[in-house]
Amino acid sequence: MTQTHKSALPGNPLVVVPARLASTRLPDKPLADIHGLPMIVHVWRRAAEAGIGPVIVAAAEQAIVDAVENAGGRAVLTDPGHPSGSDRIWEAVCKVDPEGRHDAIVNVQGDLPTIEPQAVRAVFGPLADPVTDIATLGVAIRDPAERTNPNVVKAIVELPPGALEGRALYFTRATAPWGDGPLFHHIGLYAYRRAALQRFVSLPPAELEKREKLEQLRALANGMTIRLAVVDTVPLGVDTAEDLEKARLMLTPI
């Protein structure tokens, strides 16, 4: 990476974790107990361990704010009616930083209690490319069943052999791209230049976004540049009671 690219890396990022209690498969998910602490506290701690900037939780309900603050963290109450996590994040950013001091926003999902701090650092890295609006992560698919699973979102990336970063051209639930070579499982962590996030939440949903049910397609449809970094593992997302038990087994009791 050249010095020119390094100089383009935003210097004052803010990490935001959106969380809400409403979940059809696992109600009150952010407050689920994992070794004596709510799940959202585990996520907040791991995001803080990344060491790239201050961490706040953008909460839809006061109970989440209370859980985070009781653990020593910072949380902001946001409108429970937001249609997406991106909108919730932007409201929180405007509340805690109305002066615009933070020039990049890193989005860590609130249902990733086993997320590795290095993954949070990794998603920030591609913003070093000065033309990148949004950065995200992907993992090479190793399980053949994932190639055809519509619940596994595939990132189609222009990635030269041996490279660990490339421009994302599309995201899909289908099996793509065609031909020899790896397929990439998209990980839903994002880092935005602040102006890119502000623009993104102002845009209406795109047609392909609605068709694929993938919010990031709104950015691509409107000419925004997404760059993807390749990492080694997919973090466990907790969506069901079974996932919660897996997370409890993966995390060492505190």
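The values are calculated or read from the model by the stated rules, or taken from the named source; none is laboratory data. Note that the structure is a prediction, hence the values are computed from the model and not measured. Cβ sites come from the backbone with ideal geometry, for glycine too, and all protein chains shown count toward neighbours.
Scanning segment 121-160 for residues that are more than 18 Å from the chain's Cα centre (by Cα) and within 25 Å of P13 (Cβ to Cβ) turns up D129, P130, V131, L159. When you scan segment 234-243, do you find a residue that is among the small types (G, A, S) and modelled with pLDDT under 95, even just one? Yes, that holds for at least one residue. Against the condition surrounded by 21 or more Cβ atoms within 10 Å (Cβ to Cβ) and under 15 Å from Y170 (Cβ atoms), how does A219 come out, does it pass? In short, yes. Sub-9 Å Cβ pairs linking a first residue in segment 216-245 that is within 20 Å of A163 (Cβ to Cβ) to a second residue that is in a helix (DSSP H, G or I) and among the β-branched types (V, I, T), at least 6 apart or interchain, are A229/V123; V231/V123, ordered by first then second residue.
Would you check if there is a residue in segment 69-88 being at pLDDT 95 or above, in a helix (DSSP H, G or I) and of a type in the set (A, V, I, L, M)? Within segment 69-88, not a single residue is at pLDDT 95 or above, in a helix (DSSP H, G or I) and of a type in the set (A, V, I, L, M).
Restricting segment 48-68 to residues that are outside any loop (DSSP other than H, G, I, E, B) and of a type in the set (V, I, T) leaves a set whose member that is nearest to E209 (Cα to Cα) is V57. Restricting P113, P117 to residues that are under 25 Å from L249 (Cβ atoms), within 14 Å of the chain's Cα centre (by Cα) and crowded, with 20+ Cβ neighbours inside 10 Å narrows the list to P113.
As a summary of the residue check, L214 satisfies the conditions (1) within 16 Å of the chain's Cα centre (by Cα); (2) outside any loop (DSSP other than H, G, I, E, B) except for the one numbered (2).
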